[in-house]
């Protein structure tokens, strides 16, 4: 009898196609975010994100002194926040493995932000101005 498989689930621990060896598909994001560790925070660019983790391009002081391998971190992308751990770090970039998978609603929000960059930027600007009224 054939086993029912979900999208992204491989055979014998392997995945195929665009996923490669990853357990979940990634969203090519290219959006701004933040990274915080104990006593340190930095702005970053979210290169890609999945339900299980993300790849960050660090800037400024974050790139000069990136978080150490295994450090616990908080990744913030707009209103989406996720706790995780640094899985790898090199050349001003790092990978974060989330402690818990992102909720489907959070992934939907991130997909919308990427697909509707202009609308998203207008929303952010109008929200910021509304706070000062």
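If R0 is 35 Å, what FRET efficiency do you get for residue 111 and residue 40 from their C-beta distance, rounded to 0.05?
In this case the efficiency is close to 0.75.
Of the listed peptides 94-107, 44-57, what is their order by residue-averaged count of other C-beta atoms within 10 Å, with the highest listed first?
Taking the mean over residues of other Cβ atoms within 10 Å, the ranking is 44-57, 94-107.
Along the three principal axes, how long is the range 29-111 when you take its alpha carbons, biggest first, rounded to the nearest angstrom?
33, 22, 21
For a label point 7 Å from the Cα of residue 100 along Cα→C-beta, name the residues of the range 48-86 whose backbone N is under 16 Å from it.
Flagged as within label range: 51-53, 73-76, 80-85.
Bear in mind that the values in this text are calculations on the coordinates, not laboratory data. Treat the numbers as computed from the prediction; the structure is a model and nothing was measured. Cβ coordinates were reconstructed from backbone atoms using ideal geometry, including for glycine residues, and neighbour counts include every protein chain displayed.
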